[in-house]
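These notes are about the structure you will find just below.
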Amino acid sequence: MRAARYNVAGFWPTAFFDGFYRAPQITDSFYGVYDGMIGQARSLTTVMEMSLDSATTRLDSTELSIGVHITPTDSAVDKMKGLMLVAVVHEDSAPYYSMLQEDTAYARFCVRRVIGDTWGVPLTLSFGADFDTVLTTPLGAWERSRLGVAVFVQDTSSLRVMQSVGKLRLGN
């Protein structure tokens, strides 16, 4: 039940709200508290909506293009300085040779590239004006069938992620 509700069946990274990655108790006694915290976090409105543009998000023979659409939904974005648009290209699993198993093993969610100079692309948003861009990067020697992207807007002063969107696999 929890895996379905919180999407933590082992396929996506997990978000934790004011807690550790392991709960210190053995029983399920804090489930109600955590469930309430997660419900509250999910009910908060955001100052922007974000999506990937399916027409411009594509792989060709040498390049990956990521089409991003952002709609500011609150005038608070007009005052926000230090926003960065960050796109992370990842493989959902990357092979490596395991000496312990004496065979090929797979590392999950291996980051291949962060698009932008050192940490994303500077972003200025205005309420009432949609923002569209296409981020591109040359393809490395990566397994194309395992490539995916995670794109987010981060406030560099508070380090808060304001909104995010992702696609687990981009296709062949």
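First select every other residue whose beta carbon is under 15 angstrom from the beta carbon of Val161; then total the charges, Lys and Arg +1, Asp and Glu -1. Once positives and negatives cancel, what remains is 0. Find out how many positive minus negative residues lie around Ser51, taking Lys and Arg as positive, Asp and Glu as negative, among other residues whose Cβ is under 11 Å from that of Ser51. Its environment carries a net charge of -3. Residues Thr57, Thr124, Thr62 in ascending order of nearby Cβ atoms (within 10 Å, fewest first): Thr62, Thr124, Thr57. You can think of it this way: the chain between Asp60 and Asp117 has 18.3 nm of extra reach, that is 0.36 nm per residue less the Cα-Cα gap.
What FRET efficiency would be calculated for the residue pair Thr136, Lys81, taking the C-beta separation as r and a Förster radius of 30 Å, to the nearest 0.05? Intermediate results must be reported in sequence, preceding the final value.
Working: r = 26 Å, r/R0 = 0.87.
E between Thr136 and Lys81, to the nearest 0.05, is 0.70.
Readers should treat all values here as calculations from the given coordinates under stated rules, not as data from a laboratory. Owing to the predicted nature of the structure, the values given are computational and were not obtained by experimental measurement. Counting neighbours? That spans all protein chains shown, and the Cβs are built from the backbone with ideal geometry, glycine included.
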